[in-house]
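Beneath this line is the structure, given in structure tokens, with notes to follow.
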Amino acid sequence: MKIDKSVHDDYAVLTLKGEFDTFYCPALMQEVEALVERGTNHLVLDMRLVKFINSTALGAVIKAHKRCRAEGGELVIAQPSPFVRDVIGKVGIDKLITMCATEQEAVKILIKHLNQRELAGDAPVDQEKVMITFDDDIRNKMIGGKRTLLGSISNVDGNKLVFLWNGTKSGVNSDQAKQLFFPGGDVHLKFQVKMIKKSFFEMTATVDNAEPSADGSVRVTAKFKKASEDDREALAQFAADMAFLKRQLPGK
């Protein structure tokens, strides 16, 4: 089986081609995990070219769906081949995962889900992800080599970003995380605030504070060190606008 990937601003399309059996389950999960880790948790599985799918592969599709849901996202199957549609219908997976006749229909469902999530009161920066990297060898060694960490944004304005990072999966407890995010240490941040612009903000920041929380994560406040004036102004305006809107909402 071959997997083609098309990544868009808010979602990605994985087009599966060939016979989807047990051997290819890890490949699908690796693609899904890589997308989720970079903050893309709304996925379309285009299965029009899948000639065969076995029970283990069906389980992998369900796992991928649950993985997206766990991150507040969604996974939709688009234009399944007759074989896939028949198997999924017999097993009953269509009651769990939405199936669409076309890719366009699947994308519309994902966009509707994204809009509903925002309108339902999820704060525009809650659940948004921030990619974190370090320059120095010492901290990269602590996380098993130079790689990108993924945190969840709590708050942002023109001067700083506040995010949560949980190192449990990497074997890093909250006390060790405080060593990663020590006061005065520089971090490189890449993140989106989709209500401002579709492209990413990329900034160098200096850790101001890091406090452990009960669930094993650490709450980090990082003040922007290298940021364009336009980006600072846009984020400051966003923070002011959101503060105003919250004051106008009932119960706020």
Checklist entry - What order do you get for 91-104, 32-45 when each peptide is scored by the mean count of other beta carbon atoms within 10 Å, highest first? => result 32-45, 91-104
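Tell me, Kirkwood radius of the range 71-116 from alpha-carbon pair distances, in Å? Write out the running numbers ahead of the final one.
Numbers: mean 1/r = 0.0894 Å⁻¹.
About 11.2 Å, per the Kirkwood formula over Cα pairs.
Return the subset of Lys2/Lys95; Lys5/Lys63; Lys108/Lys169; Lys17/Lys198; Lys160/Lys226; Lys63/Lys146 for which the Cα-Cα distance in this structure is over 22 Å, preserving the input order. Please list the in-between numbers first.
Values: Lys2/Lys95 27 Å; Lys5/Lys63 18 Å; Lys108/Lys169 33 Å; Lys17/Lys198 30 Å; Lys160/Lys226 11 Å; Lys63/Lys146 28 Å.
Correct reply: Lys2/Lys95; Lys108/Lys169; Lys17/Lys198; Lys63/Lys146.
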Next on the checklist: Roughly how far apart, in whole Å, are the Cα centres of the range 57-88 and the range 169-187?
Outcome noted: 35
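In Å, what Kirkwood hydrodynamic radius results for the chain from the alpha-carbon pair distances? Provide the component values of the computation, followed by the final result.
Values: mean 1/r = 0.0503 Å⁻¹.
Taking every pair of different Cα atoms in the chain, averaging 1/r and inverting gives 19.9 Å.
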Next on the checklist: Could you give me D for the range 20-165, from Stokes-Einstein at 37 °C and 0.692 mPa s, where the hydrodynamic radius is the Kirkwood radius over C-alpha pairs? Units µm² s⁻¹, please.
Outcome noted: 191
Next on the checklist: Just want the answer: with Cβ charges of +1 for Lys and Arg and -1 for Asp and Glu, which residue in Leu150, Leu180, Thr133 is farthest toward the dipole's positive end in the range 129-248?
Outcome noted: Leu150
Next on the checklist: Mean-square fluctuation check for the chain, GNM, Cα pairs under 10 Å: which of Thr22, Thr133, Thr221 is largest?
Outcome noted: Thr22
Checklist outcome for this item: Relative to the compact-globule estimate 2.2 N^0.38 Å (N residues), the Cα gyration radius of the range 129-248 stands at a ratio of 1.07
Checklist entry - For the Cα atoms of the chain, what angle does the longest principal axis make with the long axis of helix 82-91, in degrees from 0 to 90, nearest 10? => result 80
Item to check | Helix 25-37 axis, angle to the chain major axis (alpha carbon atoms, nearest 10°) | outcome: 30
Checklist entry - Do you know the relative contact order of the range 2-118, to the nearest whole percent, from alpha carbon pairs under 8 angstrom that are 6+ apart? => result 25
Next on the checklist: As I understand it, the value is the acute angle between the Cα axis of helix 55-70 and the longest principal axis of the Cα atoms of the chain; what does it come to in degrees, rounded to 10?
Outcome noted: 30
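Readers should treat all values here as calculations from the given coordinates under stated rules, not as data from a laboratory. On a predicted model such as this, the values are computed, not experimentally measured, just so you know. Note that we place each Cβ from the backbone using ideal geometry, even for glycine, and neighbour counts take in every protein chain shown.
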